[in-house]
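K.L.:
Pasting in a structure now, in C-alpha cells, and then I'll have a few things to ask.
The values are calculated or read from the model by the stated rules, or taken from the named source; none is laboratory data. Predicted model only: the values in this text are computed from it and were never measured. Cβ coordinates were reconstructed from backbone atoms using ideal geometry, including for glycine residues, and neighbour counts include every protein chain displayed.
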C-alpha cells in the first residue's frame, strides 16, 4: 500500500517488475499522467 505518502510525479512503470503484485493502492498522492500500460501485464493485479 502506497497511499497517503504524498508522492509526486508519474506512476513508475517499474511497478510492473513485481509479478506477484495483487493490489495497488495509490490514493492520496500527487501522481500525474497515465497508468503505465506495463501494469496491465501483471497476472495477479486485481485493484
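K.L.:
Identify, by number, the condition in (1) assigned to a loop (DSSP other than H, G, I, E, B); (2) modelled with pLDDT of 90 or more that residue 38 doesn't meet.
P.N.:
Going through (1) assigned to a loop (DSSP other than H, G, I, E, B); (2) modelled with pLDDT of 90 or more one by one, residue 38 breaks only (1).
K.L.:
Another question, if that's okay. Which one of 31, 21 is under 11 Å from the mean Cα position of the chain (by Cα) and outside any loop (DSSP other than H, G, I, E, B)? Break it down into steps so the answer makes sense when it comes.
P.N.:
Numbers: 21 fails: outside any loop (DSSP other than H, G, I, E, B).
That would be 31, the only listed residue that is under 11 Å from the mean Cα position of the chain (by Cα) and outside any loop (DSSP other than H, G, I, E, B).
K.L.:
Here's something else I'd like to know. Could you please let me know if residue 1 is assigned to a loop (DSSP other than H, G, I, E, B), exposed (fewer than 10 other Cβ atoms within 10 Å of the Cβ) and at pLDDT below 90?
P.N.:
yes
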